[in-house]
Every structure is written in structure tokens, then in C-alpha cells.
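Participant: Attaching a single structure in C-alpha cells format; questions to follow.
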Amino acid sequence: QVQLVESGGGLVQPGRSLRLSCAASGSVFSIYVMGWYRQAPGKQRELVARITSDGSTNYADSVKGRFTISRDNALNTVALHMNSLKPEDTAVYYCNAASLSMNYWGKGILVTVSS
């Protein structure tokens, strides 16, 4: 089992930045991909960004150029650096970790972008 704990959410004004962090514990040796998903009210959960253990990244088109995902394999953490935030980035953000056979989720953390 893998446990994921997110931190860093909150209320931020449009155009500002925010950094989310996720710490993994447990059977972390099995993790291949770590990432962030988000779910806005009334919408389905969607991929924001993900990063493999060798550093390959994928981003949703809506966040390319604004968000950066990073990973520290030694500390078993993944971070999401969010710049130029927009109101439409408002959502609950979930940390995700995946092995070859299992998918793990954090409890989620709320990010609200509003003036």
C-alpha cells in the first residue's frame, strides 16, 4: 500500500502562483508514475500533469506553459508549481501514484482562484 498526503492548497488571486506538494509513504518502491489530477465542481476528474520515475512528463493542454511538475525520488515527493493561475483552475487537486498494478490517490486539496 501507498499513502499520499497533499499540502499547499488554498485561496489565491488570478495571475498569482501556488505550489502543491505530495508526500508518499509505504510501498513507494513500487511507484512508477506520480501525478496530479483535478476535479472542478460538476466536472469529471482530469489529468493535470504526471511524471515518471525517469523524469518524463505529460501535461494537460490547459496548463502547458503555466504549471510544472517535479519529483524527488529520494524523498518520495512530487510537487506541482502553478503559475499564472486562472479562475478555471479552481478545483480539488488529487495526488496520484501508480505502480504496474495499482493506482493510489490522496484525499485531495482545494485550490480556489478568485479575486
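What follows is calculated from the coordinates using simple rules that are stated; it is not laboratory data. Since the structure is predicted, the reported quantities are computational estimates derived from the model, not experimental observations. For neighbour counting, all protein chains shown are included, and Cβ atoms are generated from backbone atoms with ideal geometry for every residue, glycine included.
Participant: Using unit Cβ charges (K, R positive; D, E negative) and no other charged atoms, how large, in debye to the nearest 20, is the dipole of the stretch 48-115 about its Cα centre?
Facilitator: 60
Participant: List the residues whose amide H sits under 5 Å from the amide H of Asn73, counting only those 5 or more places along or on another chain, with H placed 1.01 Å from N in the peptide plane.
Facilitator: So Asn73 has HN proximity to no qualifying residue.
Participant: Residue separation times 0.36 nm, minus the C-alpha to C-alpha distance between Arg66 and Leu47: what's the value? List each step's numbers first, then the result.
Facilitator: Details: separation 19, 0.36 × 19 = 6.84 nm, distance 1.47 nm.
Difference between extended and current length: 5.4 nm.
Participant: Mind computing the radius of gyration and Dmax over the alpha-carbon atoms of the stretch 16-115? Å is fine for both.
Facilitator: Gyration radius and largest Cα-Cα distance of the stretch 16-115: 13.1, 42 Å.
Participant: Moving to a separate point now. Pick out, in residue order, every one of the trypsin sites (Lys or Arg not before Pro) in the stretch 38-68 that is DSSP loop and has at most 11 other C-beta atoms within 10 Å; say none if there are none.
Facilitator: Lys43, Lys64
Participant: Among Trp36, Thr90, Ala23, which residue has its Cα furthest toward the positive end of the charge dipole of the stretch 1-90, with +1 on Lys/Arg Cβ and -1 on Asp/Glu Cβ?
Facilitator: Looking along the dipole axis, the top candidate is Thr90.
Participant: Considering only DSSP beta bridges whose two residues both sit in the chain, what percent are antiparallel, to the nearest 5?
Facilitator: 95
Participant: Under 10 Å, Cα contacts only: if you run a Gaussian network model on the chain, which one of Leu20, Leu100, Leu47 comes out with the highest mean-square fluctuation?
Facilitator: In the Gaussian network model the winner is Leu100.
Participant: Per residue, how much space in cubic angstrom lies within the convex hull of the C-alpha atoms of the stretch 5-63?
Facilitator: Values: hull volume 7.2 nm³, N = 59.
Convex hull of Cα atoms, per residue: 123 Å³.
Participant: Let me ask another. Starting from the Cα of Phe29, step 7 Å toward the Cβ, then list every residue of the stretch 84-115 with an amide N under 11 Å from that point.
Facilitator: Label zone hits: none.
Participant: Taking the alpha-carbon distance from Lys86 and a cut-off under 21 Å, which lysines remain once sequence neighbours fewer than 8 residues away in the same chain are dropped?
Facilitator: Straight-line reach from Lys86, under 21 Å: Lys43, Lys64.
Participant: Once amide H atoms are placed 1.01 Å from N in the peptide plane, what residues at a sequence separation of 5 or more from Leu85, or on another chain, have their amide H within under 5 Å of its amide H?
Facilitator: Here the answer is Gly15, Arg16, since their amide H atoms fall under 5 Å of that of Leu85.
Participant: If you don't mind, another one. Under the definition of Cα pairs under 8 Å and six or more residues apart, what whole-number percent is the relative contact order of the chain?
Facilitator: Across the chain, relative contact order equals 37 percent.
Participant: Show me, for the stretch 19-35, the HN-Hα J-couplings you get by feeding each phi into the Karplus relation (A = 6.51, B = -1.76, C = 1.60, θ = phi - 60°), rounded to Hz, glycine and proline as x.
Facilitator: 10, 9, 10, 9, 10, 9, 9, x, 7, 5, 4, 8, 6, 10, 10, 10, x
Participant: Next question, about the same structure. Mind putting a number on the dipole of the chain about its Cα centre? Charges go on the C-beta only, +1 for Lys and Arg and -1 for Asp and Glu, and I need it in Debye to the nearest 20.
Facilitator: That gives the chain a dipole magnitude of about 200 debye.
Participant: Determine ³J(HN,Hα), in whole Hz, for all residues of the stretch 63-74 in sequence, where each value follows from phi through the Karplus function 6.51 cos²θ - 1.76 cosθ + 1.60 and θ = phi - 60°; x replaces Gly and Pro.
Facilitator: 10, 4, x, 10, 10, 9, 9, 9, 9, 10, 5, 5
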